[in-house]
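Colleague: Have a look at this one.
The values are calculated or read from the model by the stated rules, or taken from the named source; none is laboratory data. Computed from a predicted structure; not experimentally measured. Neighbour counts run over all protein chains shown; Cβ positions are idealised from the backbone, glycine included. The accessibility values were calculated without ligands, DNA or RNA, using every heavy atom of the protein model including side chains. Shrake-Rupley method; radii C 1.70, N 1.55, O 1.52, S 1.80 Å.
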Amino acid sequence: MKKPKVLIFGQSFNSNTGGGVTLSNLFHDWDKEDLAVIVTSHAINNINFSYCDNYFFIGNKENSWIFPFNFFQRNIPSGRIDVHQFSKKQEVISQKPNIRSRIINKLFYPFLMWTGLFHVLSRIHLTDNLMEWIKEFNPDIVYIQVSTRDSLLFGKALAKKLDIPVVLHQMDDWLHSISFGGLFSNYWKKTIRNEFQELVDLSTLCLSISDLMGIEYYKRFGKKFVTYHNPVDLSFWNANQDEISLNDHAITVLYAGRTGFGIGTSLKSFAQAIEELNKEEGIAIEFYIQTVEPLSWIDDFEFTHYRGLVAYSKLPKLFRGADFLLLPCDFSQKSIEFLRYSMPTKAPEYMISGTPTILLAPKETAVYQYGSSQKWAFSIDNDVVSNIKEKLKEFLFNQELQYEYSSKALKLAMMNHDSQLIRNRFLKDFIKLLDISDLPNDKLVVQKIDF
């Protein structure tokens, strides 16, 4: 079956972010020459060239900042990325943030978000150079992920200019949590929601990251959103049956993934619960957090340890080497608004590993409802330390219950998250778009198609 040529904007291929892993798994079977990606400065140091080597970098020519912030804008070159400079490695791995990046992420960006300036700070433009690169690639379909207003406006411009089928894929509900509690937050929510509605209307096919998001977005935007979240390659996970033991002398719990907004406080509550179980209950249990850099509070806990990132190829062995895996979400209202409809990339990977999963998340979230209703994860619905401790004591020594959850998780992973089945369905949905490529991109067209 011939695959369409797809232009991707909003996410690079990589193996250590949720969007990058999901993208890699969904487009895994595409030939390199049939994929091209437009990337921004945020993604330049985190790109996998094994799936695609045709990248255009959004630099100063395309991305302009308003006065007076333009004086702080770095001089970043534009144009096609020269993959030969990365010839000795297939992937550019994200580095630990330097001092400048930490100041920007912890002070500058939060200030801009609170004031609303973040939404007008920069604009991305369709330059002649970028259009020439796009025309040379000659895409059949454009696939878009947006997570900021400037990317949303650029996505709209791209959809209008190219006049080819548009696939919009939504990863989380950033639209609803935008400018949370900041100045003019209601204004920006309304404005960006209306702009997103325009992009939805321009899109021929809309995708969501969870069924719950699909239901909610249909109510909001009047268009069906088809669920596609991260699938797992069964042959890859089943071929890696060995283990990397974390600790042979204690019960081990592992969290592997990102930290920061929506994750950090629940991790700390869990670490406190582990500390107290060790000291008060005499339970030998160690908690390992594997992420880009250690959290500032980890050294405050005796039984919580930092581990650096490992290659994606080692994850099956690492996950099987732990006694339990933790999947956390924060419980603040802002976090709930942001993560309510998200489905963590790690969820199906945890499921297929066969290691019992502990889910620490608000009841309102899609991942909690999926884990609790389908019983593939032992679910804890609040982050009060005393409650976490009591729930863990129910689960840590109940091997029958652990087997019940892990076996259900394995069955669900094979039934609902098999990458081969999902990739085939994904491709068929794209092939359908080629059959209607002569029709305009609006909601009336999509309603005539049974996706």
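Colleague: Restricting attention to segment 337-352, which residues are open to solvent by 10 Å² or more (accessible area, probe 1.4 Å) and in a helix (DSSP H, G or I)?
Modeller: First, the residues of segment 337-352 that are open to solvent by 10 Å² or more (accessible area, probe 1.4 Å): 337-346.
Within segment 337-352, E337, F338, L339, K346 qualify.
Colleague: For segment 371-380, state whether one or more residues are under 23 Å from M213 (Cα atoms), hydrophobic (A, V, I, L, M, F, W, C) and in contact (Cβ under 8 Å) with a residue 60 or more places away in the chain. Spell out the reasoning first.
Modeller: Residues of segment 371-380 that are under 23 Å from M213 (Cα atoms), as a first pass: 371-380.
Filter again for hydrophobic (A, V, I, L, M, F, W, C), leaving 376-378, 380.
Filter once more, so that each one left must be in contact (Cβ under 8 Å) with a residue 60 or more places away in the chain: none.
No, segment 371-380 contains no residue that is under 23 Å from M213 (Cα atoms), hydrophobic (A, V, I, L, M, F, W, C) and in contact (Cβ under 8 Å) with a residue 60 or more places away in the chain.
Conditions (1) surrounded by fewer than 21 Cβ atoms within 10 Å (Cβ to Cβ); (2) at pLDDT 90 or above; (3) acidic (D, E); (4) under 24 Å from the mean Cα position of the chain (by Cα), marked per residue:
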residue: V166; (1), (2), (3), (4): no, yes, no, yes
residue: N194; (1), (2), (3), (4): yes, yes, no, yes
residue: T204; (1), (2), (3), (4): no, yes, no, yes
residue: S210; (1), (2), (3), (4): no, yes, no, yes
residue: F225; (1), (2), (3), (4): no, yes, no, yes
residue: L234; (1), (2), (3), (4): yes, yes, no, yes
residue: I251; (1), (2), (3), (4): yes, yes, no, no
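Colleague: Got a sec? Which of L392, L325 is in contact (Cβ under 8 Å) with a residue 60 or more places away in the chain, open to solvent by less than 40 Å² (accessible area, probe 1.4 Å) and not in a helix (DSSP H, G or I)?
Modeller: L325
Colleague: Which of the residues that make up segment 417-428 are surrounded by 16 or more Cβ atoms within 10 Å (Cβ to Cβ) and either free of Cβ contacts under 8 Å to residues at least 60 places away in the same chain or part of a helix (DSSP H, G or I) (or both)?
Modeller: Residues satisfying the conditions are S419, I422, R423, F426, L427.
Colleague: Do we have E276 as open to solvent by 30 Å² or more (accessible area, probe 1.4 Å) and over 15 Å from D383 (Cβ atoms) here? Even if it seems obvious, please write down each step before you answer.
Modeller: Values: open to solvent by 30 Å² or more (accessible area, probe 1.4 Å): yes; over 15 Å from D383 (Cβ atoms): no.
Here the answer is no, as E276 does not meet what is asked.
Colleague: For G10, only one of the following conditions fails: (1) crowded, with 17+ Cβ neighbours inside 10 Å; (2) more than 14 Å from the chain's Cα centre (by Cα); (3) modelled with pLDDT of 80 or more. What is its number?
Modeller: G10 satisfies all of (1) crowded, with 17+ Cβ neighbours inside 10 Å; (2) more than 14 Å from the chain's Cα centre (by Cα); (3) modelled with pLDDT of 80 or more except (2).
Colleague: Please verify whether R258 is assigned to a loop (DSSP other than H, G, I, E, B) and among the basic types (K, R), treating the condition exactly as stated. Spell out the reasoning first.
Modeller: Values: assigned to a loop (DSSP other than H, G, I, E, B): yes; among the basic types (K, R): yes.
Yes.
Colleague: How do the pairs read when you match residues in segment 334-357 that are without any contact (Cβ under 8 Å) to a residue 40 or more places away in the chain with residues anywhere that are of a type outside the set (A, V, I, L, M, F, W, C) and assigned to a loop (DSSP other than H, G, I, E, B), using Cβ under 6 Å and keeping only pairs 6 or more apart or on different chains?
Modeller: Final answer for the pair search is I336/P362; I336/E364.
Colleague: Here's a follow-up. crowded, with 21+ Cβ neighbours inside 10 Å, modelled with pLDDT under 95 and more than 30 Å from E33 (Cβ to Cβ), is that true of S185?
Modeller: no
Colleague: A further question on this structure: Looking at (1) of a type in the set (S, T, N, Q); (2) at pLDDT 95 or above; (3) closer than 24 Å to H169 by Cα, find the lone condition where T345 falls short.
Modeller: Just one mismatch for T345, condition (2).
Colleague: Return the pair list, or none, for Cβ contacts closer than 6 Å from residues in segment 185-208 that are at positive phi and in a helix (DSSP H, G or I) to residues that are among the β-branched types (V, I, T) and open to solvent by less than 30 Å² (accessible area, probe 1.4 Å), at least 6 apart or on different chains.
Modeller: Pairs found: none.
Colleague: Restricting to segment 356-389, and then to whatever is polar (S, T, N, Q) and either in a helix (DSSP H, G or I) or open to solvent by 10 Å² or more (accessible area, probe 1.4 Å) (or both), can you tell me which residue is nearest to L277 (Cα to Cα)?
Modeller: That would be S386.
Colleague: Still on this structure: With the requirement that a residue be of a type in the set (A, V, I, L, M) and open to solvent by 10 Å² or more (accessible area, probe 1.4 Å), what does segment 212-223 give you?
Modeller: Across segment 212-223, the qualifying residues are L212, I215.
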